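Peer 1: Here's a structure for you.
The values are calculated or read from the model by the stated rules, or taken from the named source; none is laboratory data. None of the values given here were measured: they were computed from a predicted structure. Glycine also receives a Cβ, built like all others from the backbone with ideal geometry; neighbour counts cover every protein chain displayed. Only protein heavy atoms, including side chains, enter the accessible area calculation; ligands, DNA and RNA are left aside. Shrake-Rupley method; radii C 1.70, N 1.55, O 1.52, S 1.80 Å.
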Amino acid sequence: EGRRLGATAMNRESSRSHTVFTLVVESRSVEAGDLVISRTARLNIVDLAGSERQKLTQATGDRQKEANYINKSLLCLGTVISSLAALSDAQRTSAFRPHIKYRDSKLTFLLRDSLGGNSKTNMIANVNPLTKFLGESLSTLKFAQRTKLIRNKAKVNEDLSAADVA
């Protein structure tokens, strides 16, 4: 529910929205005495709708509006990823710290911890082998390459507290 599909000149069943599936896993254990150790992990699986060039999709009306929203959120995501890649590079060379614009779109705000927080980021890029879509495929691969440049230092999310056992 909520997942939108629609036909364009590029794709018969084009995804008209991004999908984010979030899984939160928490484990608790009681150690010697009343010490409770709680560990938490979050897994975000994201299916991004592809960027759309109006010339190729021939979208009009509602499809064009959807394409505009898709492209805006992907532009914001690309800007965040470029800033994080620059930050990763700057941390090795200087004290330069660019501002990361997570609040420019709902997608980047939702994924802020996965992109630049205490996390590891992986990306699977889906490209089209047809030469008529070469530009789209190259754009996707460049996006994936920038994502690969992000360097985070993930640590175990562990909380220690006294047990509330009565």
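Peer 1: Considering only segment 131-155, state which residues are open to solvent by less than 50 Å² (accessible area, probe 1.4 Å) and part of a helix (DSSP H, G or I).
Peer 2: Once the filter is applied, which keeps residues that are open to solvent by less than 50 Å² (accessible area, probe 1.4 Å) and part of a helix (DSSP H, G or I), segment 131-155 yields Phe133, Gly135, Glu136, Ser137, Thr140, Phe143, Ala144, Thr147.
Peer 1: Further, regarding this structure: If you check Leu110, Leu134, Leu87, which single one turns out to be modelled with pLDDT of 80 or more, within 14 Å of the chain's Cα centre (by Cα) and on the phi < 0 side of the Ramachandran plot?
Peer 2: Just a single option satisfies the conditions, and that option is Leu110.
Peer 1: With the checklist (1) open to solvent by less than 80 Å² (accessible area, probe 1.4 Å); (2) modelled with pLDDT under 85 in hand, flag the one item Ile81 doesn't pass.
Peer 2: It is condition (2) that Ile81 fails.
Peer 1: Looking at Val46, Val25, can you tell me which residue is under 30 Å from Leu160 (Cβ atoms), open to solvent by 50 Å² or more (accessible area, probe 1.4 Å) and modelled with pLDDT of 75 or more?
Peer 2: Answer to the check: Val25.
Peer 1: Next question, about the same structure. Would you mind telling me which numbered condition in (1) within 25 Å of Leu149 (Cα to Cα); (2) at pLDDT below 90 Asn11 fails?
Peer 2: (1)
Peer 1: Answer yes if at least one residue in segment 122-130 is surrounded by 12 or more Cβ atoms within 10 Å (Cβ to Cβ), free of Cβ contacts under 8 Å to residues at least 60 places away in the same chain and within 20 Å of Arg42 (Cβ to Cβ), and no otherwise.
Peer 2: Checking segment 122-130: at least one residue is surrounded by 12 or more Cβ atoms within 10 Å (Cβ to Cβ), free of Cβ contacts under 8 Å to residues at least 60 places away in the same chain and within 20 Å of Arg42 (Cβ to Cβ).
Peer 1: While we're looking at this one, here's another question. Any residue in segment 20-34 that's under 30 Å from Ser73 (Cβ atoms): show its pairings with residues that are assigned to a strand (DSSP E or B) and of a type in the set (S, T, N, Q) at Cβ separation under 9 Å, as long as the two are six or more apart or on different chains.
Peer 2: Val20/Asn44; Phe21/Asn44; Thr22/Asn44; Leu23/Asn44; Val24/Thr40; Val25/Thr40; Glu26/Ser38; Glu26/Thr40
Peer 1: Okay, moving on. Taking Thr108 as the residue in question, decide whether it is in contact with a Cys (Cβ under 9 Å, 6 or more places away or on another chain), surrounded by 10 or more Cβ atoms within 10 Å (Cβ to Cβ) and in a helix (DSSP H, G or I).
Peer 2: Numbers: in contact with a Cys (Cβ under 9 Å, 6 or more places away or on another chain): yes; surrounded by 10 or more Cβ atoms within 10 Å (Cβ to Cβ): yes; in a helix (DSSP H, G or I): yes.
Considered against the rule, which asks whether it is in contact with a Cys (Cβ under 9 Å, 6 or more places away or on another chain), surrounded by 10 or more Cβ atoms within 10 Å (Cβ to Cβ) and in a helix (DSSP H, G or I), Thr108 comes out as yes.
Peer 1: So, one more: In segment 131-166, what residues are among the hydroxyl-bearing types (Ser, Thr, Tyr), under 23 Å from Ile81 (Cα atoms) and in contact (Cβ under 8 Å) with a residue 12 or more places away in the chain?
Peer 2: Of everything in segment 131-166, those that are among the hydroxyl-bearing types (Ser, Thr, Tyr), under 23 Å from Ile81 (Cα atoms) and in contact (Cβ under 8 Å) with a residue 12 or more places away in the chain turn out to be Ser139, Thr140, Thr147.
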